[in-house]
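The values are calculated or read from the model by the stated rules, or taken from the named source; none is laboratory data. Please read all numbers here as calculations on a predicted model, not as lab measurements. Virtual Cβ from ideal backbone geometry, glycine too; neighbours counted across all protein chains shown. We work out accessible area using only protein heavy atoms, side chains counted, and drop any ligands, DNA or RNA first. Shrake-Rupley method; radii C 1.70, N 1.55, O 1.52, S 1.80 Å.
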Amino acid sequence: MNATPSSPLRVAIIGAGQVADKVHAAYYRTRDDLQMVAVCDSSEAQAQQFAGRYGIPLACTDVQAMLATARPDVVSVCSPNRFHYEHVMQALAAGCHVMCEKPPAMTVEEADTMRRAARHAGRVLAYDFHHRFALDARLLREQVQAGVLGEVYVTTARALRRCGVPGWGVFTSKTLSGGGPLIDIGIHMLDAAMHVLGFPAVRRVSAHSFQRIGNRKSSGQFGVWDPATYSVEDAVFATIEFRNGGILRLDTSFALNIPQQSIMNVEFCGERAGATLFPAHVYQDEDGKLVTLCAREDADDNRHLRSMEAFIEHVQGKPVTIADAEQGFIIQQLVSAIYEAAEKGTFVEL
């Protein structure tokens, strides 16, 4: 589902918050073959300020009007999670290629409809799962494909914060975000792990969810929040069982009494060797000693740039891979299954 439109591509952004500013617009402005033509936000003042910073000619509060007036080729969807489905569907219906922030949607049904709509429209729908675009992830994916690790049977993905509840935006509102750390940061390490493993088929999911800190405390690493309106989980611990017999354990938290301030990493245990994602390190044991097979000295910090670049180049018809609508649907399935398993206290079959 790629295309080769004429240059420059006309770009519009829905949502004028931090990620739109620091990631999407910041990248688009670096390319001569892209032209930002519109920005839309529910706050007219915020849209106007955003447009002023980037010299964008149109700032408005109505998505449909923006699409009709600006007629963009490409749309970035950076609105709150609750509105991803609506805004992606509007952009696809207008004939646009879409880069959507994570998560894909609020439900599996929405993510399924989005991927079908993109396929029907013949347009690119990508999700900004940027950690999989790190050079570290590329290296480990190649090592897994080459059989260096052998069969990977245990994977541990962790996206943990000691007290990193976001004090801005709508991250603590389940109604607007769909959940807490799982759908915000855990989903990133989940996607990175699945990408490196090659998206193996899932058999079933189990999980436990806790809310013990965010509804009692009111401040942390990322500012203050209101514990009275804190409606998301503090932490989720999940096990994904694959049909090939392997498992993926996912631990994620906004608030958890651990010594480290933050952990964002994935470990892979294979029959022949093991690996750590950030920085990429492949190793094995020889007579009780750890032997490095290959390693990067530092973790790649250009993940956002590589994610945005891959999307644009894919739209332009270049043979690059993206976090596409099909894989986004699988990740949404897993996130939804984890929440369902935690709520019901039982396995969820897939």
Checklist line | Cross-chain or 6+ apart pairs with Cβ under 9 Å, segment 333-350 first and in contact (Cβ under 8 Å) with a residue 12 or more places away in the chain and in a strand (DSSP E or B), then open to solvent by 30 Å² or more (accessible area, probe 1.4 Å) and acidic (Asp, Glu) | finding: 348/340
Next item on the list: Take segment 95-134 and flag every residue that is in a loop (DSSP other than H, G, I, E, B), among the hydrophobic types (A, V, I, L, M, F, W, C) and open to solvent by 30 Å² or more (accessible area, probe 1.4 Å).
Entry: 106
Margin query: I'd like the full set of residues that are open to solvent by 60 Å² or more (accessible area, probe 1.4 Å) and touching a helix residue (DSSP H, G or I) at 6+ places or on another chain (Cβ under 8 Å), limited to segment 6-21.
Written below: 10
Next item on the list: Filter segment 55-64 for residues that are over 25 Å from residue 170 (Cα atoms) and either open to solvent by 20 Å² or more (accessible area, probe 1.4 Å) or of a type in the set (Phe, Trp, Tyr) (or both) and give the result.
Entry: 55, 57, 58
Check: What are the residues in segment 140-195 that are open to solvent by 10 Å² or more (accessible area, probe 1.4 Å), assigned to a loop (DSSP other than H, G, I, E, B) and touching a helix residue (DSSP H, G or I) at 6+ places or on another chain (Cβ under 8 Å), if any?
Finding: 168, 169, 170, 171, 172, 173, 178
Checklist line | Test result for residue 48, polar (S, T, N, Q), surrounded by fewer than 19 Cβ atoms within 10 Å (Cβ to Cβ), in contact with a Phe, Trp or Tyr (Cβ under 9 Å, 6 or more places away or on another chain) and within 26 Å of residue 166 (Cβ to Cβ) | finding: no
Checklist line | Matching entry among 275, 235, 255 (being among the small types (Gly, Ala, Ser) and in contact with a Cys (Cβ under 7 Å, 6 or more places away or on another chain)) | finding: 255
Item checked: Selection count, segment 38-70, where residues are farther than 22 Å from residue 177 by Cα, assigned to a loop (DSSP other than H, G, I, E, B) and touching a strand residue (DSSP E or B) at 6+ places or on another chain (Cβ under 7 Å) -> 2
Next item on the list: Answer yes or no: is there a residue in segment 214-222 that is part of a strand (DSSP E or B) and within 19 Å of residue 197 (Cα to Cα).
Entry: no
Note to self: Quick check on my filter: what residues within segment 196-214 are open to solvent by 60 Å² or more (accessible area, probe 1.4 Å) and in contact with a Ser or Thr (Cβ under 9 Å, 6 or more places away or on another chain)?
What the structure shows: 210, 211
Note to self: Any residue at all in segment 69-85 that's of a type outside the set (D, E, K, R), open to solvent by 20 Å² or more (accessible area, probe 1.4 Å) and farther than 30 Å from residue 190 by Cα?
What the structure shows: yes
Next item on the list: Please work out which one of (1) touching a Phe, Trp or Tyr at 6+ places or on another chain (Cβ under 9 Å); (2) more than 25 Å from residue 201 (Cβ to Cβ) is the condition residue 313 fails and give its number.
Entry: (1)
Check: When you look at residue 272, is it closer than 23 Å to residue 136 by Cβ, open to solvent by 10 Å² or more (accessible area, probe 1.4 Å), of a type outside the set (A, V, I, L, M, F, W, C) and in a strand (DSSP E or B), yes or no?
Finding: no
Margin query: Return the pair list, or none, for Cβ contacts closer than 7 Å from residues in segment 15-34 that are more than 14 Å from residue 307 (Cβ to Cβ) to residues that are polar (S, T, N, Q) and assigned to a loop (DSSP other than H, G, I, E, B), at least 6 apart or on different chains.
Written below: 15/79; 33/7
Notebook entry, point to check: Within segment 51-66, how many residues turn out to be farther than 14 Å from residue 14 by Cβ and without any contact (Cβ under 8 Å) to a residue 24 or more places away in the chain?
Noted result: 3
Next item on the list: Could you list, in sequence order, all residues of segment 285-343 that are open to solvent by 40 Å² or more (accessible area, probe 1.4 Å) and over 27 Å from residue 143 (Cβ atoms)?
Entry: 339, 340, 343
